1. Please name whichever of SER214, VAL325, LEU124 sits farthest to the positive end of the charge dipole of the chain, dipole taken about the Cα centre and charges placed at Cβ: Lys and Arg +1, Asp and Glu -1.
2. If I compute solvent accessible area with a 1.4 Å probe over the protein chains, what percent of it on the range 1-92 is carbon and sulfur?
3. Looking at the square roots a ≥ b ≥ c of the eigenvalues of the Cα gyration tensor of the chain, which shape do they give, rounded for a/c under 1.5, prolate if a/b is larger than b/c, or oblate?
4. Can you run phi through the Karplus equation (6.51, -1.76, 1.60; θ = phi - 60°) for the range 153-167 and list ³J(HN,Hα) in whole Hz, with x for Gly and Pro?
5. Using each residue's phi in the range 249-256, evaluate 6.51 cos²θ - 1.76 cosθ + 1.60 at θ = phi - 60° and report the 3J(HN,Hα) Karplus result to the nearest Hz, with x for Gly and Pro.
6. Quick check: the distance between the Cα centres of the range 98-156 and the range 207-256, to the nearest angstrom?
7. Just name one of LEU194, LEU283, GLY22: the one whose Cα is farthest towards the positive end of the charge dipole of the chain (beta-carbon charges, Lys/Arg +1, Asp/Glu -1).
8. When the dipole is taken about the Cα centre of the range 178-249, and only Lys, Arg (+1) and Asp, Glu (-1) are charged at their Cβ, what size is it in debye, to the nearest 20?
Amino acid sequence: MEDLKPIAIEGLDNKKPIVIAGPCSAETEEQVLSTAKQLAACGVKIYRAGIWKPRTKPGGFEGVGEEGLEWLKRVKAETGMAVATEVANKAHVEAALKAGIDVLWIGARTSANPFAMQEIADALEGHPDVNVLVKNPVNPDIELWIGALQRIYNAGVRHLGAIHRGFSTYGKHLYRNLPQWHIPIELRRRIPILQIFCDPSHIGGKRELVAPLSQQAMDMGFDGLIVESHCDPDCAWSDKSQQVTPDVLNFILNTLVIRETTQTTENLTLLRQQIDQLDNELLEVLNKRMRVSREIGQYKKEHSMPVVQAARYDDILNNRIALAVEMGMSSDFMKEVLEAIHGESVRQQIEVLNNRAR
């Protein structure tokens, strides 16, 4: 893919970060235009809104459909912004191109499906100047992601980029979708010319995580951001907890630090990123441990066993401290850590017993 080109939008200078922003879903014409005008006033050049919303479960809001394309045409006419929307099949592509949509993006569910990707690629044949962004598949498989990009590239599309939106996982986590930053880093290593955008809204799942995730993406050299922004997020019809107002987005963008780093600073930044990732992994492991503790609490309840097993705890404490010392850590430090973990495990087991007793 040596001849890839950057996203081509009139008036866009491709300076970092390239920002694509707008609501998760186009809901009403008034909502679409109000949000667009506020974002245009903040300097955003590309407006995004979901017209078709792929849902795993039936019965949810699945988008307004082609009617919303007319609203996006009004956004272009009245604000001068370029417009972007998600496509998931041939009919979506044909309707979006006919409406003059500037950027098409392909969602995580679709990029995981080779048949759907090929259908979209076939629909893009003969449209070499269209801008297409491909989100990572829901599962952490870089080969699947590259395969999805390759299908679009083989259709003749050269204004092609990727969107990192994190990877789905089971259970409760800090992030809605785990970032697994090493995967987009590997994508950049394999295809250096490819523009990569970060989707902090879908990674975080909470609006308070949009700012730190955006900064982390910039620190890692991403080319741009695709952020969900709504004129009234608390009343949004979908994903309201991860959308920010245009004013908040403007504040986030104005406080981003785009680094022109020396080698020393780059090393420090990478080391800090590793610390952040390891801290998140620690939280994930602790979350799994507490889930097992709750299961143990249920077992003890059913078998009339006391919560605290002193002999078992003593063995754990001694063995883990010895291992920590061999690894170069302080015995006092590890004792404090293990005591804190044990205390939380006991609390969670007692909570399970009390809940069952009610």
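The values are calculated or read from the model by the stated rules, or taken from the named source; none is laboratory data. Here the structure is a predicted model, which is why all the values come from computation and not from measurement. Here the Cβ positions follow ideal geometry from the backbone for every residue, glycine too, while neighbour counts run over all protein chains shown. Side chains included, ligands, DNA and RNA excluded: accessible areas come from the protein's heavy atoms. Shrake-Rupley method; radii C 1.70, N 1.55, O 1.52, S 1.80 Å.
1. VAL325
2. Carbon-and-sulfur percentage of accessible area, whole number: 47.
3. prolate
4. Each residue of the range 153-167 in turn: 4, 5, 7, x, 6, 10, 8, 10, x, 10, 10, 8, 10, x, 10 Hz.
5. 3J(HN,Hα) across the range 249-256, in whole Hz: 4, 4, 5, 4, 5, 6, 9, 5.
6. The two parts, judged by their Cα centres, are 24 Å apart.
7. LEU283
8. So the magnitude is around 340 debye.
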